[in-house]
Amino acid sequence: MVQKKLNFFQKLLGKLGKHYYWSKSRKMNLWMLSSMAYGVTKKYEEIYEGDTGLAVDTFTNHFVNGARAIMFEMQDRIKLLYSKSLKDLEFLAQTALFVILGPDWNKFLSEPTFIPAEKTAEGIPQFRITIPACALCTGLRPGIDLDITKLRKHTYGELLAAALASLLQSVQDYVGNEYSLEIKETKCILLGDPQGEAIIYFYPKDKNKPK
Amino acid sequence: MFLQNSTRIGNIQDVYKAQGLLMVVKYSLPDVMGFILKKRGPEQAEKDLRDIGKTIAERILMVWKPKSTNPVEVLNEIKKKFFSGKKVRGEVLERFGKAPSKILIHEKDCPVCPEEKGEELEVSQVHYCSAISGFTEALLNYLVSTKQTLYTKASCKTVASVGSGDKDCQMLIELKYGGE
C-alpha cells in the first residue's frame, strides 16, 4: 500500500541509501558526459540537415528514455521513498539528483521546490528547479557552437530536468495520483539568462490543460 | 537575448572537477545507436560514431592533455581520468624498427558497451563503441600535431565490440613514422 507521506525512517533510509549507492556506483567525469551530449547533438543536427531544434528535441527524448530505463531498474529500491504527497517529491528529487551527480549535485541544480496550486498564478501545482550552472551549456559559445535561434520545444540544457520530470511522472503513476506532468524551461543560461530555471507543471489528467 | 557570443558559458573547470553516473551513458546509448543506425545505415553509422568521438576529443582537449605519447598509456590515462574501471591491455602486432607500428588494444571493461548479455545491437556490422576509436585517433593526432611523438600519423579502428556481440572490445591502432 502506498503511504500518504514519507516518515522519518524512510527519509533516513533515503539519505543513507543515496550515499551508499553513490559510493558503490561506477562514475565518470562530468565534462566527458557533457562533451558526449554535445557530440551526439551535433551529429543529430547534421542528420537533420542543420535543424538544431529537432536535434536537441530528439536527443532530449533519447536521454529521457535512458533515464526511464535506469528508474525502471532501480524501482524496487527507490519505491520505498514513494508517497502520495507532492511535497515529498522534493526529497525524492534531491535523492535522485544525488544518485546521478553525487554530493556536488547542488553546484549545478538548486534544491527543487514544490509550489502548491494555491500559490501559483495558474492554479496548477508546480515544481521549480533552478540551474545556477548548467553542466551541458558550460563551455558553449551561444550562436557559434549551437544555433540558439533554431531551438524548438526543448532548450539544450533541459535534459536533466526533463529526466527528473519523467521520474516524478513515474512516481505519480505508481502511487495513483492522477497528474500529467509537463516541463517547461523558463530561463536558460544559453539564451542569456543569468541562471536556468525549469518548471514542472502537474496538470490533472482528466481536465484540459490551460493554454 | 544574444544570438552570437564568442565567450564560453560558465566555468569548464567546475564541470571537469565533477562526476556523474556512468549508467546514464550506458542507458542512453541504445536509443542513440538505434536512431543513427535507422537514419544512416550501418556503414555511415560507423563513420558517424567516429565523428562523435572526434567532437568529444576536441572538447576534452580544452581542459586536459595526455601526459604520455604511448597509445596504450594514453588510453589508460583516459580511463583513469574520465571513467572508472580496469586498464586496457595493448598487444604489439608489428614494429617499425623498434617502435610499435600496429597495436591491438584489448578492452575488457568498456565504458560505453552494455554490461549485460542480450543488450547487444542487432546489426553486427556496426561496432557499438566505435566512438572510442574516433576519440583516441583525435587525441593521438593532437599529440602528433604538437610534435610530441615519434610517430607522424595515428589511425584507430574498432575491430570488435561487446555491444555488437563480440567477446571483448578491441581497437587496432596503426602508427606511421616519418616518410614511411
Looking only at residues that are more than 9 Å from every other protein chain (Cβ to nearest Cβ) and hydroxyl-bearing (Ser, Thr, Tyr) in the range B:56-100, which one is nearest to B:Tyr177 (Cα to Cα)? B:Thr69
Kindly provide the set of residues from the range A:140-166 that are of a type in the set (Asp, Glu) and in a helix (DSSP H, G or I), ordered by number. A:Glu158
Just to be sure before I move on: is B:Ile103 crowded, with 16+ Cβ neighbours inside 10 Å and either over 13 Å from the mean Cα position of the chain (by Cα) or without any contact (Cβ under 8 Å) to a residue 24 or more places away in the chain (or both) in the structure I sent? yes
Kindly indicate which of A:Gly123, A:Gly139, A:Gly143 is among the small types (Gly, Ala, Ser) and exposed (fewer than 14 other Cβ atoms within 10 Å of the Cβ). A:Gly123
Taking B:Ile9 as meeting all but one of (1) hydrophobic (A, V, I, L, M, F, W, C); (2) under 25 Å from A:Gly139 (Cα atoms); (3) more than 10 Å from every other protein chain (Cβ to nearest Cβ); (4) surrounded by fewer than 22 Cβ atoms within 10 Å (Cβ to Cβ), write down the number of the exception. (3)
Scanning for something under 19 Å from B:Val24 (Cβ atoms) and among the hydrophobic types (A, V, I, L, M, F, W, C), does the range A:3-21 turn up at least one residue? no
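Per-residue answers, yes or no, for (1) part of a helix (DSSP H, G or I); (2) within 14 Å of another protein chain (Cβ to nearest Cβ); (3) under 24 Å from B:Arg8 (Cβ atoms); (4) modelled with pLDDT of 95 or more:
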residue: A:Leu86; (1), (2), (3), (4): no, no, no, no
residue: A:Leu89; (1), (2), (3), (4): yes, no, no, no
residue: A:Pro103; (1), (2), (3), (4): yes, yes, no, no
residue: A:Asn106; (1), (2), (3), (4): yes, yes, yes, no
residue: A:Gly123; (1), (2), (3), (4): no, no, no, no
residue: A:Cys134; (1), (2), (3), (4): no, yes, yes, no
Just give me the residues in the range A:54-84 being under 10 Å from B:Tyr27 (Cβ atoms) and either among the β-branched types (Val, Ile, Thr) or not in a helix (DSSP H, G or I) (or both), in sequence order. A:Ile70
Which residue out of A:Lys11, A:Lys18 is in a helix (DSSP H, G or I), surrounded by 17 or more Cβ atoms within 10 Å (Cβ to Cβ) and either basic (Lys, Arg) or in contact (Cβ under 8 Å) with a residue 60 or more places away in the chain (or both)? A:Lys18
Assuming B:Val123 fulfils every condition listed in (1) at pLDDT below 95; (2) in a strand (DSSP E or B); (3) not small (Gly, Ala, Ser) apart from one, which condition is it? (2)
For the range A:32-75, give me the residue count where each residue is of a type in the set (Phe, Trp, Tyr) and either free of Cβ contacts under 8 Å to residues at least 24 places away in the same chain or more than 9 Å from every other protein chain (Cβ to nearest Cβ) (or both). 3
Just one of (1) under 18 Å from A:Pro112 (Cβ atoms); (2) free of Cβ contacts under 8 Å to residues at least 24 places away in the same chain; (3) over 19 Å from the mean Cα position of the chain (by Cα) trips up A:Gln94, so point out which. (3)
Which numbered condition in (1) of a type in the set (A, V, I, L, M); (2) within 20 Å of B:Cys110 (Cβ to Cβ); (3) not in a helix (DSSP H, G or I) is the only one that B:Ala138 fails? (3)
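The values are calculated or read from the model by the stated rules, or taken from the named source; none is laboratory data. Just so it is clear, the model here is predicted, and its values are computed rather than measured. Positions of Cβ are backbone-derived with ideal geometry, glycine not excepted, and every protein chain shown enters the neighbour counts.
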